[in-house]
């Protein structure tokens, strides 16, 4: 296999993903953009909209007409797509193809059904959240619900926008993309699966499975009502009645109901988050002896399928670059993958900004396992201070990692 | 002649008042759904249960069970029922109705009382919730869930709209009330009672602890089906004598399962593909894992029932033992039903009595097998019906073995302890306990400090044999007699006492453990003369070390590794804040989240 050159550029978008691959290919240069989005709860100086503008400027250098050969949106979470909101801006970029997971295919009935269910659950969760006062678990849930809400604007750009009338592809494991305008760059699609069982795992939680508790005025038209109005006695009336004194619920019970309702919304929101993550495209780009692995936010189930498959396992084993999935959360990168599969000295990129409410992201055990493996970790929130060979830091804007054809790696 | 209030009337009134005051019957009949509203047409679904009569206020509110109909989703109440009203008394309680909240209140009260009575009968003593009533809220919130909240000692039931896409046997969007499911009420009330008997069994120090809570609650709920005679007779006729083929009898919460889009009962006492020897290693989610234990128990029950009816079937078939095709003779159905009911009482009783023979902390399925064998041996030393052998085999088939025992023979499984020949308890302590039991006062009440101190002293002196740390404070968690009739017909008394120690942790350690306390404990069973009969120990050491025969010594590292494993499986963990991290093990044992969708969602 021939030694190849490539540059992986990680734009700093805070808590979110935005990667540009720049791959010289004979006379041509292939450009692939993977995701552009920032989480609504992200902190940090920059966001995806900054990155989008910067990207346009970077591509227009030397007065060239900006062009990207392939834009990949791994899944529809805001922290991966919010940067595509500005349709006008992206209208200036000529794009060869747009790749999305099969679950985005408007002509696939199974995909439409799944997406409808997911948006319905996100909306139902938003309604539930609206009914309740602030509880700690609720603010955690809110951050997740925001991330999953329909994201119409960026999805519209991805489905219909860009200059050059790009072809849309809806990919699943094993999809053949050999005819893409990527020259000698080979792309392997490792996920999402279309297997019945796997799809069942993508089902969002049922919207009747969590508790709904109104804090103030209950919605007059809310359903279901337990009984006809005639049976109901309101709070004040009940508490003013001597004969019912022994039947007052007391603060402990009222508090328990409220607390559990908030916890359940968090759990449902986390399940929805997991379901959407499960639709992630997982791609491996093979250029000569380089294997650049982009798992989106794939979680445990997807990984299991990949690692159980001999071919896919041997491919990820050869990874020279790994985008750390899901900003380093504990079950988005199996520790067995790091310990037993990942090659030593691999480059690992962590696009990330600390979010106070999630002390557990990135997970310290995962980082420790990567360090054990002598992985070279690049973090967008803490770019290397000292000069490292092959790494170029541009203030807090982006980090370039260059692989050279002739230098030993 | 002017009619006036005369002597005759005074006499009548005196007698009548006395009758009203003193001569209430012992039992109060009340109507319930034996299954749930969905099973409307199933024979025996509308059942009249007999429960102990007590003074009842509006609610109903009794001495130990109180129904509070508060709806937290709408911040309002539903009018409480007065079960002493004539029109209700005359018809054995309100008729079943989904649209009348008062029937719902009646049903949760009746089912809870029935569960409580089953426990009292099996344990041979009265149960209370340490002076706090168990509160039942039949319509606490909108949502497909029901759970026991230990802090407020209450059970909260939800209601929800049946799945519109896949409502199963319900109407799409129909309101499903979890409080109208006999099984859900029995399941949740059992959680509450088990929490009362073993307050540390919701601290998940190993895979089995929470699964045990779920399994035990399912076992009690499903066995209660066998106490409804009409249900049983119908099932025997339909199953042609074979109970295993009747789905609704062995399923748990049918309407709830259908309403949430599952197209089946929520869970079943039968495994779909029969027992698998590696199930115990691979099935980890608490409800599913609990189902292994449930299946082992019902396996035992079916075999016991088959053994009990063999003679009847031979008599009925002229010795062939093969029942003819077509309907069974109603007399035979009645006799088989009576045998099924007796077998059910016997197995359920064994399951409940075994609780007395469990360690105070860190229970696992193997401990429960040993407790079952010990409890059963106490009553039937000879195992003439072979029930014990069947039980052990049922556990073995599912890969459930106790650790550190030499074999699966009776004598290996029965707990040990008498061989230490520890000095007996003082006679006066036993006398005091018996007096308090008869009078119904708390054996460890605040007025009885000397007894607690005496027991603590006793434990310190024999810390080595009890596998406790002599340097640490020992808490006494429960001290009570259990009564049984010995083979010679005499009443025998045993005394059960639980000793518990907590290993102190720094705030840092506690946060790493997710708020889980590190406890060791020993249940001691004494004879009526105060001699130690069984020592049921759960020691905890800093470093791994071997235990004496039959006892496993746990160590802190093992618990930490277990927590790490659970962390990996927790999909919500990434999205939680620091406060949750420090309490994560406590939150995970929260019954509300554990019973979320009653296990449907997992």
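The values are calculated or read from the model by the stated rules, or taken from the named source; none is laboratory data. Everything quoted here is computed from the prediction, not taken from an experiment. Note that each Cβ is placed from the backbone with ideal geometry, even for glycine, and that neighbours are counted across all protein chains shown.
For region B:358-382, a tally of residues being part of a loop (DSSP other than H, G, I, E, B) and either without any contact (Cβ under 8 Å) to a residue 60 or more places away in the chain or farther than 15 Å from residue B:209 by Cα (or both) returns 3.
Output yes when any residue across region A:235-242 is in contact with a helix residue (DSSP H, G or I) (Cβ under 8 Å, 6 or more places away or on another chain), within 14 Å of another protein chain (Cβ to nearest Cβ) and at pLDDT 90 or above, and no when none is. Checked region A:235-242: at least one residue is in contact with a helix residue (DSSP H, G or I) (Cβ under 8 Å, 6 or more places away or on another chain), within 14 Å of another protein chain (Cβ to nearest Cβ) and at pLDDT 90 or above.
Would you confirm whether or not region B:417-431 contains a residue that is within 25 Å of the chain's Cα centre (by Cα) and within 29 Å of residue B:467 (Cβ to Cβ)? Full working, then the answer.
Our first condition is that a residue be within 25 Å of the chain's Cα centre (by Cα); within region B:417-431, this holds for none.
No, region B:417-431 has no match at all.
Of the residues making up region B:52-64, not a single one is surrounded by fewer than 21 Cβ atoms within 10 Å (Cβ to Cβ), farther than 30 Å from residue A:253 by Cα and in contact with a strand residue (DSSP E or B) (Cβ under 6 Å, 6 or more places away or on another chain). Every condition in (1) touching a strand residue (DSSP E or B) at 6+ places or on another chain (Cβ under 9 Å); (2) part of a helix (DSSP H, G or I); (3) buried (at least 21 other Cβ atoms within 10 Å of the Cβ); (4) modelled with pLDDT under 95 is met by residue A:76 except one, and the failing one is (2). All of (1) free of Cβ contacts under 8 Å to residues at least 24 places away in the same chain; (2) more than 21 Å from residue B:373 (Cβ to Cβ) hold for residue B:306 with one exception: (2). The lone criterion from (1) more than 20 Å from residue B:293 (Cα to Cα); (2) more than 14 Å from chain A (Cβ to nearest Cβ) left unmet by residue B:198 is number (1).
Within region B:416-427, identify whether any single residue is in contact with a strand residue (DSSP E or B) (Cβ under 7 Å, 6 or more places away or on another chain) and closer than 23 Å to residue B:193 by Cβ, and answer yes or no. Among the residues of region B:416-427, not one is in contact with a strand residue (DSSP E or B) (Cβ under 7 Å, 6 or more places away or on another chain) and closer than 23 Å to residue B:193 by Cβ, which makes the answer no. Within region B:288-302, identify whether any single residue is more than 24 Å from residue B:364 (Cβ to Cβ) and either under 25 Å from the mean Cα position of the chain (by Cα) or at pLDDT 75 or above (or both), and answer yes or no. Among the residues of region B:288-302, at least one is more than 24 Å from residue B:364 (Cβ to Cβ) and either under 25 Å from the mean Cα position of the chain (by Cα) or at pLDDT 75 or above (or both), which makes the answer yes.
The condition (being surrounded by fewer than 23 Cβ atoms within 10 Å (Cβ to Cβ), farther than 28 Å from residue B:386 by Cβ and either free of Cβ contacts under 8 Å to residues at least 60 places away in the same chain or within 16 Å of the chain's Cα centre (by Cα) (or both)) is satisfied by just one residue among B:206, B:202, B:242: B:202. Screening region A:277-364 for strands (runs of 3 or more DSSP E) wholly inside it with 2 or more residues that are closer than 14 Å to residue A:189 by Cα and either at pLDDT 90 or above or within 13 Å of chain B (Cβ to nearest Cβ) (or both) returns the ranges A:282-287, A:290-294.
Yes or no, residue by residue, for (1) without any contact (Cβ under 8 Å) to a residue 12 or more places away in the chain; (2) surrounded by 15 or more Cβ atoms within 10 Å (Cβ to Cβ); (3) in contact with a helix residue (DSSP H, G or I) (Cβ under 7 Å, 6 or more places away or on another chain):
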| position | (1), (2), (3) |
| --- | --- |
| A:315 | no, yes, no |
| A:323 | no, yes, no |
| A:349 | no, yes, no |
| A:364 | yes, no, no |
| A:369 | no, yes, yes |
| A:374 | no, no, no |
| A:381 | no, yes, no |
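Taken as a whole, the structure places residue B:59 among residues that are within 14 Å of another protein chain (Cβ to nearest Cβ) and free of Cβ contacts under 8 Å to residues at least 60 places away in the same chain.
Candidates in region B:16-41 are the residues that are farther than 24 Å from residue B:56 by Cβ and in a helix (DSSP H, G or I); of these, the one that is modelled with the highest pLDDT is B:37. The helices (runs of 4 or more DSSP H) located wholly in region B:246-355 that include 1 or more residues which are surrounded by fewer than 21 Cβ atoms within 10 Å (Cβ to Cβ) occupy B:247-250, B:279-282, B:286-316, B:330-353. Picking from residues in region B:145-186 that are under 20 Å from residue B:294 (Cβ atoms) and at pLDDT 95 or above, the one that is farthest from the other protein chains (Cβ to nearest Cβ) is B:186. One residue alone among A:208, A:252 is over 20 Å from the mean Cα position of the chain (by Cα), at the interface with chain B (Cβ under 7 Å from one of its Cβ atoms) and modelled with pLDDT of 80 or more, and that residue is A:252.
Kindly indicate whether any position in region B:80-88 is more than 11 Å from chain A (Cβ to nearest Cβ), part of a helix (DSSP H, G or I) and either modelled with pLDDT of 95 or more or within 25 Å of residue B:35 (Cβ to Cβ) (or both). Yes, region B:80-88 has at least one match.
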